[in-house]
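Have a look at the structure below before the remarks.
The values are calculated or read from the model by the stated rules, or taken from the named source; none is laboratory data. Predicted, not measured: the structure shown is a model, and the values here were computed from it. Don't worry about glycine lacking a Cβ; one is built from the backbone with ideal geometry, like all the others, and counts go over all protein chains shown. Each accessible area value is taken on the protein alone, full model and side chains, heavy atoms only, with ligands, DNA and RNA left out. Shrake-Rupley method; radii C 1.70, N 1.55, O 1.52, S 1.80 Å.
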Amino acid sequence: MSTIVVTQKNGVACVGADTLSCLGSLRQKAQHVVNKTKITKIGDTFIGLTGTSASLVVMNSYFANPERPRNFSSCEAIFETFRHAHAWLKAEYFMASMPDKGEEYETTQFYGLAANPHGIFALYSYRSAQQFHKFWAAGSGRDYALGAMQAAYDKCKTAEEIARIGLEAAAEFDSATAAPFEVHTVPLLSAAKPKTSRKK
């Protein structure tokens, strides 16, 4: 598993992830692995994924085709992006879309978090999304990260500081999370100052 966090504060959105990979009880720390990232960038959006490392490879391959729609600006846009992707993922990447016969809908097998100029989001396997005001976390260290970020949010000045506190708490207590951490920030559109006309 992994720990992924997203935060936003003072006009900046941030996503962060640990860099530990696990194969059962075998831990692959960052110093042993070249492709240790759990975060990818698609357009202006940083996306961190939990679960199997194959998910990041598949996502990068799918969106490498510039003709495929990609819009992560809202929960509705994210849903439409992955609704369009679902059939291609089954046909081209052999995605197992019905691992549990009790599922109401086919699943897309992506679960993670995203940060972009429009805000911070959680991405779910039913292709739905949620947008958050302050922060969220995903993965095996989620609960520790959430608690730490809740306690730190009002005291910290930057989104990156909050994200790192969440990741550090997860690494301290979750056996599937470890430093070093990868953190990316992006300015929020809502923080952009309106242009003022220069007086002549």
Keeping the other protein chains in place, figure out the carbon and sulfur percent of the accessible area of the range 47-133, with a 1.4 Å probe. 55
I'd like the Karplus ³J(HN,Hα) series for the range 3-19: coefficients 6.51, -1.76, 1.60, θ = phi - 60°, whole numbers in Hz, and an x wherever there's a Gly or Pro. 10, 10, 10, 10, 8, 8, 6, 6, x, 10, 9, 9, 10, x, 8, 7, 10
If amide hydrogens are placed 1.01 Å from N in the peptide plane, which non-local residues have theirs closer than 5 Å to the one on I120? F132
What are the trypsin sites (Lys or Arg not before Pro) within the range 98-165 that DSSP puts in a loop, where the Cβ has at most 10 other Cβ atoms within 10 Å? K101, K157
Correct response: the longest run of the chain lacking exposed GluC sites (Glu not before Pro), defined by DSSP loop and at most 15 other Cβ within 10 Å, is 105-200
Apply the a/c threshold of 1.5 to the C-alpha gyration tensor of the chain and tell me whether it is rounded, prolate or oblate. oblate
Go through the range 1-69 and name the trypsin sites (Lys or Arg not before Pro) that are in a DSSP coil and have 16 or fewer other Cβ atoms within 10 Å of their Cβ. K29
For the range 9-131, the per residue accessible area (1.4 Å probe, Å²) is 51
Which chymotrypsin sites (Phe, Trp or Tyr not before Pro) in the range 1-109 pass both tests, a DSSP loop state and at most 16 other beta-carbon atoms within 10 Å? F94, Y105
Among the listed pairs K38/K134; K29/K155; K29/K90; K41/K155; K9/K41, those beyond 26 Å (Cα-Cα): K29/K155; K29/K90; K41/K155
For the chain, what is the mean residue ellipticity at 222 nm derived from helices alone (per DSSP H run of n ≥ 4: -39500 (n - 2.57); sum divided by total residues; nearest 500 deg cm²/dmol)? -9000 deg cm²/dmol
